[in-house]
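Structure first, then comments.
The values are calculated or read from the model by the stated rules, or taken from the named source; none is laboratory data. Quick caveat: nothing in here was measured; it's all calculated off a predicted structure. Glycine gets a Cβ as well: all are built from the backbone with ideal geometry, and neighbour counts include every protein chain shown.
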Amino acid sequence: MFLGWSAYSDGSRSSNRGERHRKPVARALGIAFEPAEDVLEAQRALGLDIRDGNADGSPELPMPTVLVVDSDRTVRFVDVQADYTSRTEVPEILAALDRLN
């Protein structure tokens, strides 16, 4: 089913010639953050390294964020969650998309 909108992400590892590229959208929007060093160390002790999953090799993460942007590139809805365990509820997103029509 075609929904009529596109979804974008800020961390693709795709590249030409295998080079690492970054898409600094989260940084440009001010929603990127770097976890505290003790958190990074604890994750590494568990065998997890955020840098391995980031296209630019940084330990930065984006805050969970939903932006709804209309065809004129005007932001019509934004919800940023500072708590990584919280997410925007689906009905809120669908209502924001419905308001575009």
On the basis of being of a type in the set (Val, Ile, Thr), outside any loop (DSSP other than H, G, I, E, B) and assigned by TED's automatic domain parsing to the domain that holds residue 99, does residue 39 make the cut?
no
Residues satisfying the stated conditions in the stretch 25-43, i.e. over 17 Å from the mean Cα position of the chain (by Cα) and surrounded by 13 or more Cβ atoms within 10 Å (Cβ to Cβ)
40, 43
Quick one: in the stretch 54-78, of everything that is of a type in the set (S, T, N, Q) and more than 20 Å from residue 39 (Cα to Cα), which residue is modelled with the lowest pLDDT?
71
Give me a count of the residues in the stretch 44-61 that are touching a Ser or Thr at 6+ places or on another chain (Cβ under 9 Å) and either surrounded by 15 or more Cβ atoms within 10 Å (Cβ to Cβ) or within 27 Å of residue 6 (Cβ to Cβ) (or both).
2
